[in-house]
């Protein structure tokens, strides 16, 4: 199998789907001729033409609104919002139109569309290019929310998202766009939405995470296992809505100690939902409180982003707190 980074895997997934189904169209700001600001759509216009891969005006509201119109009229739009930080002008279209289309039409209409957007920090992008808005969309019934962490998952999950009959928010961890590399099969394969992946099995504690934080967590766990003799189970959620409750609870039952790691702000972050679910369904299996390692409750900083983001030191401290509770 060829080795790819996440950008290449996403590009490959789009090609697979555009070749398979001529209803799939790809568009957004600079997406066509330029291939997108991160080059995720590079070469698609050359192969599929300007009617299926094209640029749009600088209007997120128009991009998503047009995608909704396409979706309910038989196309399968894959639109790109250049950075997740820019998605807010389209928030009304996403939560009040796309997410509710099936409900408000009595299931007469569906809205099969994907909104791709890079999210998160780690590139010194400051507060307008580093936000993690996943909790806002997870809070919206009718959407699916997906966050890959590896090239293999990025391709398989994106193919599944494009084939799903519901609107999907596909958040891409731009910090590891090119840093994460791995083997990716040629051609067609899918990873089901809603299935987490146990990356490492362990007995002493569980870490639940997703996106770029998967790589941060794995680095921390490797060093802890080597120096302290602690075995930590690491779960990559991959899909946040719907999320794989059974896999997480099964791990909690085994280890009794849980930490949740994400880079979005702590208050009302996605980790709070996981913690609440564990408390409701697996309280008697816990040997310590559920702890969180998260971004700070501030706007994302420019010069201090590595202090803001969860890091190995903070993860190791939380694991020590869990083990020694």
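Which value results for Rg/Rh of segment 128-193 when Rg is the Cα radius of gyration and Rh the Kirkwood radius based on the inverse mean 1/r?
With Rg and the Kirkwood Rh in hand, the quotient comes to 0.99.
Note down the relative contact order for the chain as a percent, whole number, built from C-alpha pairs under 8 angstrom at least six residues apart.
So the answer I get is 16 percent.
Report relative contact order for segment 148-242 in percent, whole number only (criteria: Cα-Cα under 8 Å, sequence separation at least 6).
36 percent
Equivalent ellipsoid semi-axes for segment 124-280, as square roots of 5 times the alpha carbon gyration tensor eigenvalues: give them largest first, rounded to whole Å.
They are 24, 19, 17 Å, listed largest first.
Taking the Cα atoms only, what angle lies between the long axis of helix 213-228 and the longest principal axis of the chain, rounded to 10 degrees?
Helix 213-228 and the main axis of the chain meet at about 20 degrees.
For segment 213-268, would you read off the P(r) tail past 13 Å as a percentage of all alpha carbon pairs?
Roughly 68 percent, once rounded to a whole number.
Between segment 271-308 and segment 92-125, what is the separation of their alpha carbon centroids in Å?
Answer, in whole Å: 25.
Once you compute Rg and the Kirkwood Rh from C-alpha atoms, what is the Rg to Rh ratio for segment 6-73?
That ratio equals 0.95.
Please report the relative contact order for segment 197-323, taking Cα pairs under 8 Å with a sequence separation of at least 6, and give it as a percent rounded to a whole number.
Relative contact order of segment 197-323: 30 percent.
Could you quote the convex hull projected area for segment 197-323, Cα atoms only and averaged over all directions, in nm²?
Result: 7.3 nm².
Compute the helix-to-body angle for 60-71: its Cα long axis versus the longest principal axis of the chain, expressed 0 to 90° and rounded to tens.
Its long axis makes an angle of about 70 degrees.
Give or take rounding to whole Å, what are the principal axis extents of the alpha carbon atoms in segment 261-300, in descending order?
Taking max minus min along each principal axis of the Cα atoms, segment 261-300 gives 37, 15, 11 Å.
On a 0 to 90° scale, report how tilted helix 151-163 is relative to the longest principal axis of the chain, with both axes built from alpha carbons and the result rounded to the nearest 10.
50 degrees
Given 0.36 nm per residue, what is the gain on full extension from residue 39 to residue 124 after removing their alpha carbon distance, in nm?
28.7 nm
Go ahead and run the numbers for FRET between residue 307 and residue 110, Cβ-Cβ distance against an R0 of 35 Å, rounding to 0.05.
Approximately 0.20, to the nearest 0.05.
Output the peptides 171-179, 302-310 sorted from most to least packed, where packing is the average of other Cβ atoms within 10 Å over each peptide's residues.
171-179, 302-310
So what are the three principal axis dimensions of segment 3-183 from its Cα atoms, in whole Å, longest to shortest?
44, 36, 30
Rule-based calculations on the coordinates, nothing more; no lab input. Predicted, not measured: the structure shown is a model, and the values here were computed from it. In this analysis, Cβ positions are derived from the backbone assuming ideal geometry, glycine residues included, and neighbour counts consider all displayed protein chains.
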